[in-house]
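The values are calculated or read from the model by the stated rules, or taken from the named source; none is laboratory data. Predicted model, so just to flag it, every value in this text is computed and none were measured. When we count neighbours, we look across all protein chains shown, and the Cβ atoms used for this are built from the backbone with ideal geometry, even at glycine.
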Amino acid sequence: MGKIKSLEELKQLREQYKSKVDIREKGDQMEKMILVRVAMATCGIASGARDVMDAFIDEVANRKLDNVVVSQTGCMGYCYAEPTVEVTIPGKEPVVFGEVNKDRVKEIVDKYIIHGELLDGIIPVTHKTVDD
Amino acid sequence: MSRYKMHVLVCGGTGCVSSNSIQIVENLKKYLKENGIEDEVQVLKTGCFGFCEKGPIVKILPDNTFYVQVKPEDAEIIVKEHLIKGRKVERLLYKEPNTQTAIDDSKHMDFYKKQMRVALRNCGFIDPDNIEEYIARDGYQALGKALTEMTPEQVIEEVKKSGLRGRGGGGFPTGLKWEFAYKNKSDQKYVVCNADEGDPGAFMDRSILEGDPHSIVEAMAICGYAIGANKGLVYIRAEYPLAVKRLKKAIEDAREYGLLGKNILDTGFDFDIEIKYGAGAFVCGEETALIHSMEGERGEPTTKPPFPAESGYWGKPTNVNNVETFANIPVILLKGADWFSSIGTEKSKGTKVFALAGKINNVGLIEVPMGTTLREVIFDIGGGIKGGKKFKAVQTGGPSGGCLTEKDLDTPIDFDNLVAKGSMMGSGGMIVMDEDDCMPSVAKFYLEFTEDESCGKCTPCRIGTKRLSELLDKITKGQGTMEDLEMLKTLSETIKDTALCGLGQTAPNPVLSTIDTFWDEYVAHVKEHRCPAGQCSALLQYFILEEKCIGCTACSRVCPVGAISGKVKSTHVIDQDKCIKCGACYEKCKFSAIIKK
């Protein structure tokens, strides 16, 4: 690392390093975040949930969406429709998408996460959690 | 672009390190590798999370899962269950002490809800050894802003306007101090960071240096620019090896990045920092004594004036600030004086870090806005008194402070309110006491400390503290007289008025702040030879209750001096003349047949 020569350069470095701590900064403001949870149990992983999760992470980073957190969860029970992804926009009911693949990731980000429009392939939520 | 999906933060403060947290980091990395996900989960050690009571702490993000009392062998289950399958490890979650319900998100913990972390903003959040993480968190932006967009006068004005006051104990306005140093013209000036944290039970400065060392490096450089100094010195206790190590690394990295050294950010400003080690003398926290110690002289204070701002290190204008004070500076410059002064009370702005210790559920490090009440700190954040006992008093300000009681619980904490109540802010130690603590013994503890730490230069402190601790010793042994109590008061007042420096002037505070409030307790020791809290062993008497004793002989067998007699299956008796009050029988009896009073 060479010496930083100006405030401009320092600011550029800051932008470059931001990604190192952004998961932590988002976690710090979890209540304001759109939460994307990818089901990562055995069935999910076998159907390609890892790739789906990577695709979400890339898509969110490419579009510089600093209000979206991608995280993983256990089996949601919809094993027939894996990989499944649950998206929760603050103040709204969680929506579960089934049979998600890389192309569907783009669609979900474009339509639902950015514009709040619903799209095909939503699995009706059939369960309640202890939090409800 | 980092591919990490999750971050695992492991506390690397001194407390958690001593409970083996470094091994947790190693094990986590090992299991991540074994499961082939070392590129998906980042594991790092951070500074102190503050929740030392339940250390070692492991926090997982982005979901804010907060694991407590984690052992190195728990790393496997964390990796396999949580990091791979997304299932939280229930048994490691923090449990609310009163309801025993597990809390899986640190945002919902009472301990964190009322806190506001300004000085501790990066502690437990970034890797202190990684300058890039500090830069990512707006690190060195305040220095850049000061050097390129502000004149030294504007920097000083901003600090003055913020209302920041010295966090080391004195509470002197920081901006004003900088202005004095700025106005004294000289070819050489110095910036000194006072990291000689000495109050028993206080560890906020250590935690900041361990958890966010760059914030101090940056703030010292800003101060250097403001007052016109190009040399900084950190005076730190040699007993803080981890803080020293991380600070050294921070200084080296800052030099490498060109944020210390010659011509910083191409602005023509030069600044560098050197570390000076203290040997752990309490008096060296006093700024003149500190400067003498740095010069290689004896660590003894001299009278002020001249103030260090006029004639300090090697006779040159020197500005001395405490670690926590410095930690606030970069935030003030970035967010503005108005933002800072919107927090706190009329005369005490911003937040204050406190080290909670003693008979409290959540021992740890907390930061709250000035004006938070003692009740909120002790009962909401601190989780109340251990074992459901009754709150008796809280000692603030270390050996120089005093005790506050039940009636003071709703006082908003700030510099002036604490002084008005007979105590002081000090560096922020808070030792909570319950009904089992004896106040004359507490006063004796602090007086023994100041007696030890007195440098011996002035008579009131050298001899006065010795006499005070002798009197307290007499009282706690039941040999005191009413004249002794009067003597305690007059001697305390005299020392307070005549000692040379802050150490001596405040040394009698533990006596003065307890003798009126707990007068009955002092009198009970003197007149009735009784310790109401049951702590002074010399005044205790052990008795066997006839109705409960079944004559098992366990007590007579354990008694080291043969003071207990009695036949098998008949009531035993303690010979008070022989009893040495060791309490062995009390511990041994399974039938609660032995009482002390």
Restricting attention to region B:527-547, does a residue exist that is modelled with pLDDT of 90 or more and among the small types (G, A, S)?
no
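Conditions tested, residue by residue: (1) at pLDDT below 95; (2) among the charged types (D, E, K, R).
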| residue | (1), (2) |
| --- | --- |
| B:A254 | no, no |
| B:I275 | no, no |
| B:A289 | yes, no |
| B:G299 | yes, no |
| B:K304 | yes, yes |
| B:W314 | no, no |
| B:P330 | no, no |
Please enumerate the residues belonging to region B:112-129 that are touching a helix residue (DSSP H, G or I) at 6+ places or on another chain (Cβ under 8 Å) and either away from chain A (no Cβ under 12 Å) or in a helix (DSSP H, G or I) (or both).
B:Y112, B:K113, B:K114, B:Q115, B:V118, B:A119, B:L120, B:C123, B:P128, B:D129
Looking at B:V68, B:V25, B:V41 in this structure, which one is of a type in the set (V, I, T) and either within 14 Å of chain A (Cβ to nearest Cβ) or under 19 Å from the mean Cα position of the chain (by Cα) (or both)?
B:V41
Of the listed residues (B:A393, B:A337), the one being farther than 30 Å from B:S186 by Cβ and either in contact (Cβ under 8 Å) with a residue 24 or more places away in the chain or β-branched (V, I, T) (or both) is B:A393
Criterion first (in a strand (DSSP E or B) and either at pLDDT below 95 or buried (at least 19 other Cβ atoms within 10 Å of the Cβ) (or both)) does B:V394 satisfy it?
yes
Can you tell me which residues in region B:1-22 are within 14 Å of chain A (Cβ to nearest Cβ) and among the aliphatic types (A, V, I, L, M)?
B:M1, B:M6, B:V8, B:L9, B:V10
If B:H82 meets every condition in (1) surrounded by fewer than 23 Cβ atoms within 10 Å (Cβ to Cβ); (2) part of a helix (DSSP H, G or I) apart from one, which number is that one?
(1)
Determine which member of the set B:E132, B:E153, B:E158 is modelled with pLDDT under 95 and outside any loop (DSSP other than H, G, I, E, B).
B:E132
Matching strands (runs of 3 or more DSSP E) fully within region A:1-115 where at least 3 residues are more than 9 Å from chain B (Cβ to nearest Cβ)
A:85-88, A:95-97
Residue pairs qualifying under the 6 Å Cβ cut-off, at least six apart or on distinct chains, with the first in region B:527-555 being over 30 Å from B:K392 (Cα atoms) and the second being assigned to a strand (DSSP E or B), are B:C555/B:I564
Restricted to region B:130-140, and to residues that are at the interface with chain A (Cβ under 7 Å from one of its Cβ atoms) and not charged (D, E, K, R), which residue is nearest to A:K26 (Cα to Cα)?
B:A136
Considering only residues that are buried (at least 22 other Cβ atoms within 10 Å of the Cβ) and of a type in the set (F, W, Y), which ones fall in region B:95-139?
B:F111, B:F125, B:Y134
Within region B:436-443, is there a residue that is farther than 27 Å from B:A195 by Cβ and charged (D, E, K, R)?
yes
Regarding region B:496-515, can at least one residue be identified that is small (G, A, S) and over 19 Å from B:Q395 (Cα atoms)?
yes
Which one is nearest to the chain's Cα centre (by Cα), of the residues in region B:425-451 that are surrounded by fewer than 22 Cβ atoms within 10 Å (Cβ to Cβ) and assigned to a loop (DSSP other than H, G, I, E, B)?
B:D437
Taking the criterion of being more than 20 Å from A:V69 (Cα to Cα), within 14 Å of chain A (Cβ to nearest Cβ), in contact with an Asp or Glu (Cβ under 6 Å, 6 or more places away or on another chain) and in contact (Cβ under 8 Å) with a residue 24 or more places away in the chain, would at least one residue in region B:47-63 satisfy it?
yes
